[in-house]
Amino acid sequence: MPQYTAKDIAKIVAMSKEDIEKLDYETAMSKLEIVVDALEQEGTSLEYGLQLYSVGTALSKKCSAALDAAEEKMLQLLGTIQNPAEQPFDPEKDGR
Amino acid sequence: MNLLKPAVPFPVKVLSVEDLTKHIKDVVENDNLLSAVWVQGEISNLVKAASGHCYFTLKDDKAVLKACLWAGNRRYISTNFKNGDLVMVYGGISLYAPRGEYQIVVTDLRPAGIGALYEAYEKLKNKLQAEGLFDEERKMPLPFLPKGVGVVTSSTGAVIKDIFRVIRRRFRNMPIYLVPVKVQGDGAAKEIVTGIERLNADSRVDVIIVARGGGSLEDLWAFNEEPVARAISDSKKPIISAVGHETDTTIADLVADKRAATPSVAGEFVVPVKDDLLELIRQKSQRLSRTIKSIFTIQKQRFEKCAQCRFLVKPSLMVAERRNNVMNLSRELDINFKSFIEDTKHKFELLNARFMALDPKVLLKRGYIMAMDDKGKVVTSVKKLKKGAGLKLGFSDGYAGVTVDIIEK
């Protein structure tokens with residue numbers, strides 16, 4: 001769990017949907033972890049909790065989409081690694 | 001006794017022929033000069049025995065020297081020789097006791113006049129060494145896997161075949177570009193230099209082998225010439241030399257980035273074994289697949305841990321939990337209020353009971369009576385009474401007047 005301050009959370013809560021859309025997976029994921037941790041804190045007010053929920057949902061969606069994309073790409077690459085295309089070999093052309 | 005004769009000691013100590021010969025043999029064979037010497041002369045009486053050993057005589061105008069060349073040493077000698085050849089041989093003097101003869105046991109044999117070549121070799125070697133051309137820091141590393149291999153050697157003979165065979169065996173489709181050159185005789189050095197330059201300019205090549213089979217110093221001479229040394233040193237691409245046998249080091253070998261003992265070894269240096277590489281790639285790919293899968297799994301778990309946060313899954317919990325709190329508090333308030341009322345009531349009752357216990361009427365009801373004097377004041381002591389005085393007795397339900405008759409203290 002990353003260390004964070006109230007200021008960090010405030011910054012995250014202030015993010016727009018567009019801002020979140022621009023984040024890479026790792027950044028979005030770290031922010032989501034902070035949001036979840038803050039949401040589970042006892043002293044969080046209801047109003048703040050709802051703001052955290054709103055930004056948390058957007059971050060979660062972003063992370064989930066990034067993971068889906070990564071998984072698809074990974075499977076595609078794994079397929080390439082496991083079945084490499086044979087290079088044509090022409091002994092007449094190669095060599096001298 | 002003839003006194004004119006030089007004095008001869010008495011024959012007190014007489015050696016046997018064998019002992020004397022043994023002594024001479026010891027002296028001769030342990031002498032620094034005689035045990036390792038180059039000597040020059042003309043070959044005569046040459047006998048090449050079926051065993052492979054050679055016997056001959058070296059002679060000049062004034063002297064002869066018997067020589068033998070054992071088959072084991074003969075194998076390493078590349079110079080051909082016959083009767084009448086002027087040669088220089090290297091070896092040690094040995095004494096053959098049964099015949100009382102000494103001879104030179106030859107370990108190397110080269111054409112005479114080659115001394116000048118050796119001098120030129122040493123001179124160039126020292127010069128280039130002083131320039132730092134042999135320094136380890138100048139040597140370029142060989143590419144791990146070249147695009148193509150350039151070879152400067154003769155287009156005929158075992159050398160190019162060996163190189164081809166080894167490279168093909170290790171890496172079947174490795175392109176090999178041969179620049180055929182003369183490797184000995186007039187113009188050889190020039191052709192070798194041109195070959196190195198051509199391959200330097202050829203972008204398909206990134207490592208060069210300069211090779212020649214074994215031969216005499218004269219045969220290998222092109223590889224001891226300065227232009228060849230300079231061309232190797234100036235090459236922008238690493239050069240492997242495979243010239244002659246391992247025992248004769250040419251200047252080209254010293255300047256080259258790497259020296260191979262034989263052309264086959266040069267082939268081994270220049271390319272890795274393709275099958276080994278493919279296996280390595282296969283292993284690395286597997287590891288890569290495993291790693292990427294595990295990275296993905298870790299990230300997925302990390303994400304799911306967050307995504308499972310109950311407030312994200314069911315935000316209504318945020319309200320519900322708080323509503324619950326409110327209800328709990330409200331219930332607590334009710335309970336607390338009731339118990340407060342109860343407490344208060346209880347306290348009042350206790351107080352009331354105590355108060356009631358103090359009410360005189362209650363005492364009167366229980367059979368006590370209250371005495372009052374004529375003024376209605378409560379009498380609490382007999383001392384205040386006098387015989388015949390009137391007393392008013394209060395009961396719970398009325399009064400009675402009595403007169404004091406007896407006073408006892």
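The values are calculated or read from the model by the stated rules, or taken from the named source; none is laboratory data. Computed from a predicted model, the values in this text were never measured in an experiment. We place every Cβ from the backbone using ideal geometry, glycine too, and count neighbours over all the protein chains shown.
Residue under question is B:Lys82, and the condition is that it be of a type in the set (Lys, Arg), closer than 30 Å to B:Lys258 by Cβ and free of Cβ contacts under 8 Å to residues at least 60 places away in the same chain; does it hold?
no
Can you tell me which condition B:Ala371 does not meet? The list is (1) part of a helix (DSSP H, G or I); (2) among the aliphatic types (A, V, I, L, M); (3) more than 14 Å from chain A (Cβ to nearest Cβ), and all the others hold.
All conditions pass for B:Ala371, except number (1).
Having 3 or more residues that are in contact (Cβ under 8 Å) with a residue 60 or more places away in the chain and either surrounded by 11 or more Cβ atoms within 10 Å (Cβ to Cβ) or touching a Ser or Thr at 6+ places or on another chain (Cβ under 9 Å) (or both) is the bar; report the helices (runs of 4 or more DSSP H) wholly within region B:240-333 that clear it.
Per the criteria, B:251-255, B:263-270.
Go through region A:22-47 and give me each residue that's in contact with a helix residue (DSSP H, G or I) (Cβ under 8 Å, 6 or more places away or on another chain) and without any contact (Cβ under 8 Å) to a residue 12 or more places away in the chain.
Matches in region A:22-47: A:Glu40, A:Thr44, A:Leu46.
Out of region B:249-299, which residues are basic (Lys, Arg) and either out of contact with any helix residue (DSSP H, G or I) (no Cβ under 9 Å at 6 or more places or on another chain) or over 23 Å from B:Pro143 (Cα atoms) (or both)?
Passing the criteria: B:Arg282, B:Lys284, B:Arg287, B:Arg290, B:Lys293.
Mind listing whichever residues of region A:31-63 are surrounded by fewer than 16 Cβ atoms within 10 Å (Cβ to Cβ), touching a Phe, Trp or Tyr at 6+ places or on another chain (Cβ under 9 Å) and either more than 10 Å from chain B (Cβ to nearest Cβ) or outside any helix (DSSP H, G or I) (or both)?
None - no residue of region A:31-63 is surrounded by fewer than 16 Cβ atoms within 10 Å (Cβ to Cβ), touching a Phe, Trp or Tyr at 6+ places or on another chain (Cβ under 9 Å) and either more than 10 Å from chain B (Cβ to nearest Cβ) or outside any helix (DSSP H, G or I) (or both), so the list stays empty.
Only one of B:Ser339, B:Ser316 is under 60 Å from the mean Cα position of the chain (by Cα) and either more than 23 Å from A:Val35 (Cα to Cα) or among the small types (Gly, Ala, Ser) (or both). Can you tell me which?
Result: B:Ser316 is the single residue among B:Ser339, B:Ser316 that is under 60 Å from the mean Cα position of the chain (by Cα) and either more than 23 Å from A:Val35 (Cα to Cα) or among the small types (Gly, Ala, Ser) (or both).
Restricting attention to region B:193-213, does a residue exist that is in a loop (DSSP other than H, G, I, E, B), among the charged types (D, E, K, R) and buried (at least 17 other Cβ atoms within 10 Å of the Cβ)?
yes
Does region B:159-173 hold any residues that are facing chain A (nearest Cβ under 8 Å) and of a type outside the set (D, E, K, R), and which are they?
Once the filter is applied, which keeps residues that are facing chain A (nearest Cβ under 8 Å) and of a type outside the set (D, E, K, R), region B:159-173 yields only B:Asn173.
For region B:34-62, name all the residues that are aliphatic (A, V, I, L, M) and in contact with a strand residue (DSSP E or B) (Cβ under 9 Å, 6 or more places away or on another chain).
B:Leu34, B:Ala36, B:Val37, B:Val39, B:Ile43, B:Leu46, B:Val47, B:Ala49, B:Leu58
Which of the residues belonging to region B:98-138 are out of contact with any Phe, Trp or Tyr (no Cβ under 8 Å at 6 or more places or on another chain), among the hydrophobic types (A, V, I, L, M, F, W, C) and modelled with pLDDT of 90 or more?
B:Ile104, B:Leu124, B:Ala130, B:Leu133, B:Phe134
Conditions (1) surrounded by 14 or more Cβ atoms within 10 Å (Cβ to Cβ); (2) touching a residue at least 40 places away in the same chain (Cβ under 8 Å), marked per residue:
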position: B:Leu142; (1), (2): yes, yes
position: B:Pro146; (1), (2): yes, yes
position: B:Thr153; (1), (2): yes, yes
position: B:Ile163; (1), (2): yes, yes
position: B:Arg170; (1), (2): yes, yes
position: B:Leu178; (1), (2): yes, no
position: B:Gly187; (1), (2): no, no
position: B:Glu191; (1), (2): yes, no
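Which residue is farthest from the chain's Cα centre (by Cα), if the candidates are limited to region A:1-30 and must be within 12 Å of chain B (Cβ to nearest Cβ) and assigned to a helix (DSSP H, G or I)?
A:Ser30
Within region B:66-84, work out how many residues are within 26 Å of B:Arg212 (Cα to Cα) and of a type outside the set (Ser, Thr, Tyr).
Residues flagged as within 26 Å of B:Arg212 (Cα to Cα) and of a type outside the set (Ser, Thr, Tyr) within region B:66-84 amount to 9.
Quick check: anything in region B:94-107 among the polar types (S, T, N, Q) and either in contact (Cβ under 8 Å) with a residue 60 or more places away in the chain or within 22 Å of B:Arg212 (Cα to Cα) (or both)?
Checking region B:94-107: at least one residue is among the polar types (S, T, N, Q) and either in contact (Cβ under 8 Å) with a residue 60 or more places away in the chain or within 22 Å of B:Arg212 (Cα to Cα) (or both).
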